[in-house]
Amino acid sequence: MQIEVAKQSSSFTVGSKVRDYMMLVKMSLSIMVVFSAVVSYLLAPHVQFTWPRILLIALGGFLVTGSANAVNQVVEKDTDALMKRTAKRPVASGVMQAQEAWIFAVVSLVAGIFILAYYFNFTSALIALASWFVYAYLYTPMKKVSSYSVLMGAIPGALPCLIGWAAGFPAGAEISWGGGWALFAIQFFWQFPHFWAIAWIAHKDYSAAGFKMLPSDAGPTKFSAIQAIIYSLLLIPAGLVPYFIDMSGYVSLWIILAANFFMVVQAIRLYVEMTSGAARRVMFSSYIHLPIVLLSLLADKV
């Protein structure tokens, strides 16, 4: 009986620790980042789908992203504890010590950078390192200073596209950057309506923690909704670029245009309705939008 209880206790402890680390790396965000990097890698010229390479770039990207998210949670542990949506994060709630999170962050960063540098090229590793630094040490502290933090955060948010693209070129080979920057632009502009929708819904939480995440100091206003419309509109020309640089074909062009117009419509509805429900539609639409765009490009790769 005691042995059985001990086994159950051990199982519970292991399961709890796994859940803690999944929260530490912000699993859903990390998966989205890895997805963008992998698709961008596959969109690079002459890259063929092979599982070992896909798994390696996914692992490298995941480790670097997880490290940045761990640093973010250590730095923001006090403010995370003030917000309902983040209070249960492991460092903020006290179930994980900051030192443990730091050790994980350092080990993950070193391992991720090594994988990218050794198995792909130094360029992809350097971009990943730059992305980690901007997210952890520029974007994170800036959130309490200015709403321009969203602009700063959009840079590392879009850099996975450049990481994946650069990784698609053999070490020592000259990298053709056009396609990489086209993918970067799409993901860069996409983040603004996506994140402002989240900030709209969580405005009270963010304000209580001292974060300035919406473009207007007054919070969820018409001005914030207009900004979401503007950046949704910028997605339209950005979505045309892959077709005109011969990255993808005619079919994906129309799919992307439809997806982009759909985002614009949702942003306009936010402006008209000015409700959290409308903000949720923008948020969920953005979650659908990015995979549709990237996968259509990949399916229609020239």
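For the reader, a short list of remarks on this structure follows.
- In the chain, the inverse of the mean reciprocal separation of distinct Cα atoms equals 20.2 Å; this is its Kirkwood hydrodynamic radius.
- Cα centroid separation - the range 110-171 against the range 208-233, whole Å: 25 Å
- Ranked from largest to smallest solvent-accessible area, with a 1.4 Å probe on the protein heavy atoms, Leu109, Leu126 come out as Leu126, Leu109.
- Accessible-area composition of the range 46-115, carbon plus sulfur, in percent [1.4 Å probe]: 68 percent
- Sites excluded, chymotrypsin sites (Phe, Trp or Tyr not before Pro) in DSSP loops with at most 14 other C-beta within 10 Å, longest stretch of the chain: 178-302
- Cα convex hull volume per residue for the range 24-79 (Å³): 70 Å³
- Under 17 Å from a label point set 7 Å out along the Cα-to-Cβ vector of Trp181, the amide N atoms of the range 206-244 belong to 237-244.
- Pairs over the 32 Å Cα-Cα cut-off, from the set Lys26/Lys144; Lys84/Lys222; Lys17/Lys301; Lys77/Lys301; Lys143/Lys222: Lys17/Lys301; Lys77/Lys301.
- The dipole here belongs to the chain: it is taken about the Cα centre, uses +1 on the Cβ of Lys and Arg and -1 on the Cβ of Asp and Glu, and is about 640 debye.
- Across all Cα pairs in the range 140-287, the calculated P(r) in 10 Å bins from zero up to the longest distance comes to 12, 36, 31, 16, 4, 0 percent per bin.
- Distance between modelled label sites at Leu298 and Thr50, nm, 7 Å Cα→Cβ extension: 1.8 nm
- In sequence order, calculated HN-Hα J values of the range 32-47 (Karplus, 6.51, -1.76, 1.60; Hz; x Gly/Pro): 5, 5, 4, 4, 4, 5, 5, 5, 4, 4, 5, 7, 5, x, 6, 6
- Charged side chains reduced to their Cβ positions (Lys and Arg at +1, Asp and Glu at -1) give the range 1-137 a dipole of some 240 debye around its Cα centre.
- Nitroxide proxy distance, nm - points 7 Å out along Cα→Cβ at Glu174 and Tyr287: 4.4 nm
- Accessible area per residue for the range 218-302, computed on protein heavy atoms with a 1.4 Å probe, is 47 Å².
- Protein heavy-atom surface of the range 154-302, 1.4 angstrom probe: 70% of the accessible area is carbon and sulfur, with nucleic acids and ligands not counted.
- Rolling a 1.4 Å probe over the heavy atoms of the protein chains gives the range 16-76 an accessible area of 41 Å² per residue.
- Translational diffusion of the range 108-201, µm² s⁻¹ [Kirkwood Rh, Cα pairs; Stokes-Einstein; 10 °C; 1.306 mPa s]: 113 µm²/s
The values are calculated or read from the model by the stated rules, or taken from the named source; none is laboratory data. Being a predicted model, the structure only gives us computed values, none of them experimental. Every residue, glycine as well, gets a Cβ built from its backbone with ideal geometry; the counts of neighbours run over all protein chains shown. Surface areas here come from the heavy atoms of the whole protein model, side chains and all, with no ligands, DNA or RNA. Shrake-Rupley method; radii C 1.70, N 1.55, O 1.52, S 1.80 Å.
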